[in-house]
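Data block below; observations after.
The values are calculated or read from the model by the stated rules, or taken from the named source; none is laboratory data. Since the structure is predicted, the reported quantities are computational estimates derived from the model, not experimental observations. Positions of Cβ are backbone-derived with ideal geometry, glycine not excepted, and every protein chain shown enters the neighbour counts. Note: areas computed on protein heavy atoms with side chains; ligands, DNA, RNA excluded. Shrake-Rupley method; radii C 1.70, N 1.55, O 1.52, S 1.80 Å.
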Amino acid sequence: MHHIPRLMILGNHALQRGWDPAAVTDWFHRCFVDGYDWVMLANVIGMSQYADGGRITTKPYAFGGAYINTMSDLCGPCAYRPTERTGERACPYTAGCWEFVHRHRERLAHNYRTARAVKQLERLPDLDGLLRAARRRAPGAPP
């Protein structure tokens, strides 16, 4: 699997839901042929899970469906719409990203790369519905 779907889809999913970064890294080690420390530490611990506190990257690699749609061809056949935050066809990555920003807003407000998202969060007219939808997802990692 190419690193973009791996980090964009799988890593972003785990980050948005707050899964244990060590468990996520262990899973990546076991599931990918290039699961070596030199790959996993930078890509999973640093980029994907932001578990090193920003030593490798300057911001969490959390984003919504619009970014996935721009950077890949994965959204075309999907039943969800990347630009919709709420509703039946709302992209779970979009709602998950905003819920992630909301959950970590205190810390993200002080990071020059994420402060803008926190300000945008405060202007979302559908924030309450978006947070309710995001919280209906199963919060735990798969067994």
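Couple of notes before you dig in:
- When the helices of the chain are scored as -39500 (n - 2.57) per DSSP H run of n ≥ 4 and the total is divided over every residue, the value at 222 nm lands at -11000 deg cm²/dmol.
- Counting 0.36 nm for each residue step from LYS119 to LEU41 and taking away their Cα separation leaves a gain of 25.0 nm.
- Overall dimensions of segment 19-101 as given by Cα atoms, namely Rg and Dmax in Å: 14.5, 41
- Unit charges at the beta carbon, dipole of the chain: most positive-side option, ASN111, MET47, ILE9: ASN111
- Rounded FRET efficiency, nearest 0.05, which uses the C-beta distance separating ASP34 from ARG55 and R0 of 35 Å: 0.95
- Accessible surface, 1.4 Å probe, highest first, among residues LYS119, LYS59: LYS119, LYS59
- Rounded to the nearest 20 debye, dipole of the chain from Cβ charges on Lys, Arg, Asp, Glu: 420 debye
- The alpha carbon centroids of segment 76-102 and segment 29-47 are separated by 27 Å.
- For segment 68-143, relative contact order (Cα pairs under 8 Å, six or more residues apart, normalised by length) works out to 22 percent.
- For segment 51-92, the residues whose backbone nitrogen is under 16 Å from a point 7 Å from the Cα of ARG132, taken along Cα to Cβ, are 85-90.
- Stretchable slack from CYS78 to ASP20, in nm (0.36 nm times residue separation minus alpha-carbon distance): 18.1 nm
- Normalised per residue, the accessible area of the chain is 60 Å², obtained with a 1.4 Å probe and no contribution from ligands, DNA or RNA.
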